[in-house]
Amino acid sequence: MNNPAIYWYRADLRLTDLPALVAASKQGPVIPVFVLDEQLGGDWRPGGATRWWLHHSLQSLKSDLRARGGDLVLRRGETTTVLKELMEETGAQHIYASRQYQPWSQSLESAVKSLAESYGGDFKRYPGTLIFEPEEIKTGGGTPFKVFTPFWRACLKAREPSLPVAAPTLAFVDTPPESLSLDELNLLPRDPNWAAGWEALWSPGEGGADRALQGFLEGHANNYGEGRDFPAQPNTSRLSPHLKFGEISPRQIWAAAQHLKHAEPSSSASIDKFLAEIGWREFCNHLVAQFPAMPDRAFNAKFDHFPWGENPDYLKAWQQGMTGYPIVDAGMRELWQTGFMHNRVRMVVASFLAKHLLTHWRLGELWFWDCLLDADLASNACSWQWVGGSGADASPYFRIFNPVAQGEKFDKTGEYTRRWVPEIAELPNKYLHKPWEAPALILETAGIELGETYPSPIVDHKEARETALGAYAELRAQFSE
């Protein structure tokens, strides 16, 4: 039989629709390996929530491989050093992987290619993380798109995505290399276990991803277009953590969604809106692949001069869900307790931090990175810059979400807010999103003492909005002179 090939797993923890794994299976016996390189990425090493998901996703992948007669080799260390050790231990010359797009990916993949070539083999990299490669989608002038709508329009006019491929038949080496145990990777939180109960909320792994997709398409997809903005309703797919870890490919999602459109034409508008969100993920990854400083620096360089404030008390109140604005606090508490936050609420809490509190968007980006199960580097960076006004296709500087109006519009009955901010649950709807306006008797009846049982607003909305508009106007004037 041919020499064994190493399959280097990263953010593609699945067996189905994995072109690189199909190619590796044709080379000979496959050695699947995952390397925990904790020095890779700097500030963008896996955060606490993603480490929890990674543990369970690796556990699922190991189980799937064992069911096929193999196993997943787990190692820790500097990536090229570990891969070199594996090549020497097994005689493997070829390394296969799915292409990645983080700022460090190109240099790392170049180093792995040089390593494989030094052993007389090759590093073979295949698509599998996105629907379209960054080189495929360009403006008429051959430059990257910087606005989402024309980008997505160009994607829809490009080639039809090919159908997903089945999981290959795999052969494995008779004596697999030594592996760390999953527990030895030390990915789970301990003392305290702040993720207690998450197993009941989430099902990491390829099987869980497939169930999440089918459940969404069969149950909520038809309501997505109109219902996705209401956080108390289950109209979103909750596929983002599965996508982040590559337990499902965007091509699989595309194919399944298109099938539903053809089977139920009445769902077309909602499905198109859903696929546009997959398109936003594509857009963000294309941007970071071509502008790798985006997670760390303002895309619009003039925002390097924006007068961001430095109030640690504001930041802490925001992180803890104690701002005094119920919809903001509900979102931040949902994030801490579940590792997730509804997308509409993400926009509200991000706008509040960047514009009401004038706190640098990167501090919000870092908090989300540590707390979100779906902390995708590109989507996180681009979305925070969109809110802050500094990114590609950024939200206009004058768009400042009113947290009261957002709560009253998208959580009118208060179901979402009452779930996550139970200390104000007894307030009538009229005052739920603005408890400071409630008469003293109503507050007393609801068991609320503002400033004690629930905080008063840390800033006044009107004043904060005017301050933010003034800061943005000053920046515009500075660069128009």
task: Determine the calculated [θ] at 222 nm for the chain from helices alone, applying -39500 (n - 2.57) to every DSSP H run no shorter than 4 residues and normalising by the residue count; nearest 500 deg cm²/dmol.
output: -14000 deg cm²/dmol
- prompt: Given Q106, A116, P134, which one lies farthest toward the positive end of the charge dipole of region 96-219, if we put +1 on the Cβ of every Lys and Arg and -1 on the Cβ of every Asp and Glu?
  reply: P134
- prompt: Using unit Cβ charges (K, R positive; D, E negative) and no other charged atoms, how large, in debye to the nearest 20, is the dipole of region 371-475 about its Cα centre?
  reply: 320 debye
- line: If the chain between S114 and F479 were fully extended at 0.36 nm per residue, the gain over the current Cα-Cα distance would be 126.9 nm
task: Taking H placed 1.01 Å from N in the peptide plane, check which residues at least 5 places from Y126 or on another chain put their amide H under 5 Å from its amide H.
output: A97, S98, R99
- line: Of all GluC sites (Glu not before Pro) in region 83-150, the ones in DSSP coil with at most 13 other Cβ atoms within 10 Å are E135
- request: Beyond 25 Å between alpha-carbons counts as too far, so tell me which of K146/K244; K84/K138; K434/K462; K316/K355 fall in that bin.
  value: K84/K138
statement: Amide H proximity to V73 below 5 Å, modelled H, separation 5+ or other chain, gives V33, F34
- request: With only Lys, Arg, Asp and Glu charged, each at its Cβ (+1 for the first two, -1 for the last two), find how big the charge dipole of the chain is about the Cα centre; round to the nearest 20 debye.
  value: 1140 debye
message: Please return the longest range in the chain lying between exposed loop sites, taking trypsin sites (Lys or Arg not before Pro), DSSP loop only, at most 11 other beta-carbon atoms within 10 Å, and leaving the sites out.
response: 191-481
task: Would you give the gap between the C-alpha center of region 342-375 and the C-alpha center of region 113-162, rounded to a whole Å?
output: 29 Å
task: May I ask for the net charge around S383, where only other residues with Cβ less than 9 Å from the Cβ of S383 are counted and Lys, Arg are +1 while Asp, Glu are -1?
output: 0
task: Name the residues whose placed amide hydrogens come within less than 5 Å of the amide hydrogen of L13, ignoring near sequence neighbours (fewer than 5 apart) on the same chain.
output: G246, E247
- prompt: Expressed as a fraction of 2.2 N^0.38 Å, the rule-of-thumb size for a compact globular protein of N residues, what is the C-alpha radius of gyration of region 5-128?
  reply: 1.00
message: List the aspartates and glutamates whose Cα sits under 17 Å from the Cα of K124, skipping any in the same chain fewer than 8 residues away.
response: D12, D17, E109, E133
- line: Rounded to one decimal in nm, the spacing of the 7 Å Cα→Cβ label points at D304 and K409 is 3.5 nm
query: Residues with beta-carbon under 14 Å from that of E264, excluding E264: net charge, scoring Lys, Arg +1 and Asp, Glu -1?
result: -1
- request: Report the semi-axes of the equivalent ellipsoid for the chain in whole Å, largest first, where each axis is √(5λ) for an eigenvalue λ of the Cα gyration tensor.
  value: 41, 25, 23
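None of the figures in this text is laboratory data; all of them are computed from the coordinates on show. Note that the structure is predicted; figures quoted are calculated from it, not measured. As a convention, Cβ positions derive from the backbone with ideal geometry for all residues, glycine included, and neighbour counts pool all protein chains shown.
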